[in-house]
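What follows is a single structure, written as structure tokens, with notes after it.
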Amino acid sequence: MELIHSDVGVVNIDSVGGSRYYVTFIDDFSRNTVVRFLKKKSEVLDKFKKFVAAMENLTEKKVKALRSDNGGEYIFAEFQQFCASHGIRREFTIPMNPQQNGVSERMNRTLMESTRCMLH
């Protein structure tokens, strides 16, 4: 829970429930991954709040840092206020540079390849 990697991915086809996006939260140490589906990117904060509450309850440890890209879903004021109030340090990567957020980008690719394989 020292560092959580996060990114939002896009699915080309809407799911049965109408979700078009997904967000991943990956623990840097264990690589434990949580995937949540979204209908809109604006739902990222709500999913992150639930993730933090569940992980802190489960592990009895606090989330200390969140690494994400500079996507609009991560940089708006309410998200920053939530992180500040919970003592979560923010780490941003350079926009349009997936190499700096490699853990999340690799997980997105793995998820999409697995999905294509299952659909095929």
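The values are calculated or read from the model by the stated rules, or taken from the named source; none is laboratory data. Only a predicted model underlies this, so the values are computations on that prediction, with no experimental measurement involved. All Cβ positions, even for glycine, are placed from backbone atoms using ideal geometry, and neighbour counts span all protein chains on display. Protein only, heavy atoms only, side chains kept; ligands, DNA and RNA dropped before computing areas. Shrake-Rupley method; radii C 1.70, N 1.55, O 1.52, S 1.80 Å.
Round to a whole number: what % of the accessible area of the chain belongs to carbon and sulfur, probe 1.4 Å?
Numbers: 4090 of 7430 Å².
Result for the chain: 55 percent of the exposed heavy-atom area is carbon or sulfur.
Rounded to the nearest whole Å², what accessible area per residue is found for the chain with the 1.4 Å probe?
Values: 7430 Å² over 120 residues.
Computed with neighbouring chains in place, this is 62 Å² per residue.
Sort the following peptides by mean Cβ neighbour count (other Cβ atoms within 10 Å, averaged over residues), highest first: 85-95, 3-13. Walk me through the intermediate numbers first.
Details: 85-95: 13.2, 3-13: 17.6.
Per-residue mean Cβ counts within 10 Å order the peptides as 3-13, 85-95.
Build a GNM of the chain with springs between Cα atoms under 10 Å: which of 69, 27, 46 gets the top mean-square fluctuation?
Its mean-square fluctuation being the largest, the pick is 46.
Please state, as a whole number in µm²/s, the translational diffusion coefficient that the Stokes-Einstein equation yields for the chain at 10 °C and 1.306 mPa s, with Rh defined as the Kirkwood radius across alpha carbon pairs. The partial results should precede the final answer.
On the way: Rh = 14.8 Å.
It comes out at roughly 107 µm²/s.
Full-extension gain between residue 57 and residue 13, please, as 0.36 nm times their residue separation minus the C-alpha to C-alpha distance. Provide the component values of the computation, followed by the final result.
On the way: separation 44, 0.36 × 44 = 15.84 nm, distance 3.42 nm.
Between residue 57 and residue 13, full extension yields an extra 12.4 nm.
Sequence gap of 8 or more, or different chains, plus Cα separation below 22 Å: how many lysine pairs satisfy both in the chain?
Final tally of qualifying lysine pairs is 16.
What relative contact order, as a whole-number percentage, does region 27-120 give when Cα pairs under 8 Å and 6 or more residues apart are counted?
Working: 54 pairs, mean separation 20.4, N = 94.
Value for region 27-120: 22 percent.
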